[in-house]
Amino acid sequence: IEELTAAMGASKQALEIMNIKIYKDIRNHANRQSNCDTANIDKIIVAGQQQVADIRLIIEHRGMAALPDDLRRLAQVRLDHPEASLRELSELLGGDLTRSGINHRLKRIAALADEIRQKTG
């Protein structure tokens, strides 16, 4: 439409159409980015809640001392910061572990919790 309008000699209207199109594109991009950020935050919160529940289950049934030192340290940081992302957990632990390393340890904690759930029914 903007090309046709420009070809007809109505360049002012063609520019208005282009401006509207650019405005909508920017607004749509901002909305998509916001939706993506919101979804990521929701994922972090849900995962953190599950991890805290797993840690509390382990503490309730076996005690914190039942966890190896590396898992115990991470478990305590997770309990202290249930809303933290994997990157933030890594920073809180001194930055020595990657997000992948943190995730691997959290999976080990989840496996221990699942083992307890299976045994206790």
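Taken together, 19, 28 contain a single residue that is of a type outside the set (A, V, I, L, M) and under 32 Å from the mean Cα position of the chain (by Cα), which is 28.
When region 99-121 is filtered for residues that are open to solvent by 90 Å² or more (accessible area, probe 1.4 Å) and either under 17 Å from residue 50 (Cα atoms) or hydroxyl-bearing (Ser, Thr, Tyr) (or both), the ones remaining, listed by number, are 104, 107, 118. Checked across region 76-96, the condition of being in contact with a Leu (Cβ under 7 Å, 6 or more places away or on another chain) and exposed (fewer than 15 other Cβ atoms within 10 Å of the Cβ) holds for at least one residue.
So how many residues does region 6-62 have that are closer than 30 Å to residue 102 by Cβ and hydrophobic (A, V, I, L, M, F, W, C)?
13
Among the residues making up region 75-101, those that are among the aliphatic types (A, V, I, L, M) and within 22 Å of residue 62 (Cα to Cα) are 75, 77, 79.
Pairs linking a residue in region 58-78 that is on the phi < 0 side of the Ramachandran plot to a residue that is open to solvent by less than 40 Å² (accessible area, probe 1.4 Å) and not in a helix (DSSP H, G or I), with Cβ atoms under 8 Å and 6 or more positions apart or on different chains, are 58/67; 73/93; 74/93; 75/67; 77/84; 77/93; 78/84. One residue stands out among those in region 40-68 that are of a type in the set (D, E, K, R) and modelled with pLDDT of 95 or more: the one that is surrounded by the fewest Cβ atoms within 10 Å (Cβ to Cβ), which is 60.
The values are calculated or read from the model by the stated rules, or taken from the named source; none is laboratory data. Treat the numbers as computed from the prediction; the structure is a model and nothing was measured. Virtual Cβ from ideal backbone geometry, glycine too; neighbours counted across all protein chains shown. Note: areas computed on protein heavy atoms with side chains; ligands, DNA, RNA excluded. Shrake-Rupley method; radii C 1.70, N 1.55, O 1.52, S 1.80 Å.
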